[in-house]
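Just below is one structure, and these are the notes that go with it.
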Amino acid sequence: MVDLIPRQEIMTRKEFTLLMGTRNGPCASIYMPTPWVGAETQQNQIRFKNLLRIAAEKLSSKGVRTPEAEEMLSPAQELLRNSPFWRKQNTGSAAFVSRGFFRFYRLPLDFQEMVHVSDRFLLKPILPLFGSSGKFYVLAVSQKKVRFLQGARNCIVELDIQNVPKSLAEIVRFDVSDRQIRTQPSVKGSTTFRGHGVWSEDIKEQILRYFKQIDRGLQEYLKEEKAPVVFAGVDYLFPIYREANSYPLLQEKPITGNPEGLRAEELGRTAWPIVQPYYMKIQEDALDQYRQSAGTGLTSNRLEEILPAAYHGRVGVLFLAAGKNRWGRFDPATGSVSFHETAGAAETNGEDLLDVAAIYAYLNGGAVYELPPEIMPEGSEISALLRY
């Protein structure tokens, strides 16, 4: 039975690991830009249709018979008949197809149009969500609506999440407004509610219960995550949410004010300066650690050495140059690495070895960073800090 998820998926570590472990080849990875405003949005379906045709041709070149290729791609073809689906896109979209498996993600990344068919999914274009310019979440709460958004540096998308109350009105049974509630910091830094006497304490308890429901609902999505979350809401709500929150990477600085009238991109632009120091610090710490270890035998920029090390769990930190590829084959049984000069050769008998190294490093608990080529250690296309 095909695992069909036609709705938007949150790209969590769990989802990424699922894609990494799928080896029921051949595996087709489809990346495309999906403009979500303006006249170009009407081209998204056409673009996806053309990429599915290319995917069918590449599957055929891998020896997949036409009826089987059509069956593999049928869940993706179903999306072409859902016009409302294509009106709710993000900056980039990625589809992954293999025998009995289909995933489609709307992601806050600016992808180049690409179809890749190999023994495994091509995942390196998604790595920025898990590295130094990685993703973040925004929880925007107002009386009438709860929104949960996933973003990266230059883009953001609103997610369709389940098991989370949709509005404060579902829990609080009477109107809550700034005129009803006033807050004042207590001596210990907590929040004291002033307004309609006992009603103010009732309101606080109901809001706290409401936020605990949100926190429980988000645990399903965030339990495998290491991405920061920014709260957006009026100032008196944040201390209550912080009390209810169980997620360790909730940022101390919120986006204050009523987020109800703010578009997703406005929330993203405001959230990025809040989370950027978090990502810059972990990137700089990793680069400093690499520099300090140079000459000790615990660093390498040779792909033929890094690949076996990543496979065996010896890579603690991996740096990749953005926009680079190295095509070839890696044999885990022998540790041997062979190179091809072109992507065409790889499609026939190979894969992107930088992608393979990143997958093994990440799967074995290593940190993976995709960096601009000009700041790569030693100017290489790949560098690794080894555990031993």
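The values are calculated or read from the model by the stated rules, or taken from the named source; none is laboratory data. Model, not experiment: these values are computed from the prediction. Glycine also receives a Cβ, built like all others from the backbone with ideal geometry; neighbour counts cover every protein chain displayed. Ligands, DNA and RNA are stripped out before the accessible areas are found, and what is left, the full protein with its side chains, is counted by its heavy atoms. Shrake-Rupley method; radii C 1.70, N 1.55, O 1.52, S 1.80 Å.
A few comments on the model shown:
- Using the 1.4 Å probe convention, the accessible area of region 246-315 works out to 54 Å² per residue with neighbouring protein chains retained.
- Whole-Å distance, taken between Cα centres, linking region 232-274 and region 105-146: 21
- Net charge over other residues, Cβ less than 13 angstrom from the Cβ of Gly268 (K, R count +1; D, E count -1): +2
- Accessible surface comparison of Ile274, Ile282, probe 1.4 Å, protein chains only, largest first: the order is Ile282, Ile274.
- Greater than 19 Å apart at Cα, pairs in Lys135/Lys253; Lys135/Lys212; Lys49/Lys124; Lys144/Lys166: Lys135/Lys212; Lys49/Lys124
- Taking a sphere under 15 Å around the Cβ of Tyr278 and counting the other residues whose Cβ falls inside, with K and R at +1 and D and E at -1, yields a net charge of +1.
- Antiparallel beta bridges, as assigned by DSSP with both residues in region 288-388, represent about 75 percent of the total such bridges.
- Near Asp352, once Lys and Arg are set to +1 and Asp and Glu to -1 for all other residues with Cβ below 9 Å from its Cβ, the sum equals 0.
- Fraction of alpha-carbon pairs over 18 Å apart in region 262-341 - percent: 61
- For the peptides 380-388, 75-83, 116-124, the ranking by mean Cβ contacts within 10 Å, running from highest to lowest, is 116-124, 380-388, 75-83.
- HN-Hα J in Hz across region 108-125 - Karplus 6.51, -1.76, 1.60, θ = phi - 60°, x for Gly and Pro: x, 9, 8, 7, 7, 5, 7, 10, 10, 10, 7, 6, 9, 6, 8, 10, 4, x
- Of all DSSP beta bridges in region 200-344, antiparallel share, percent nearest 5: 60
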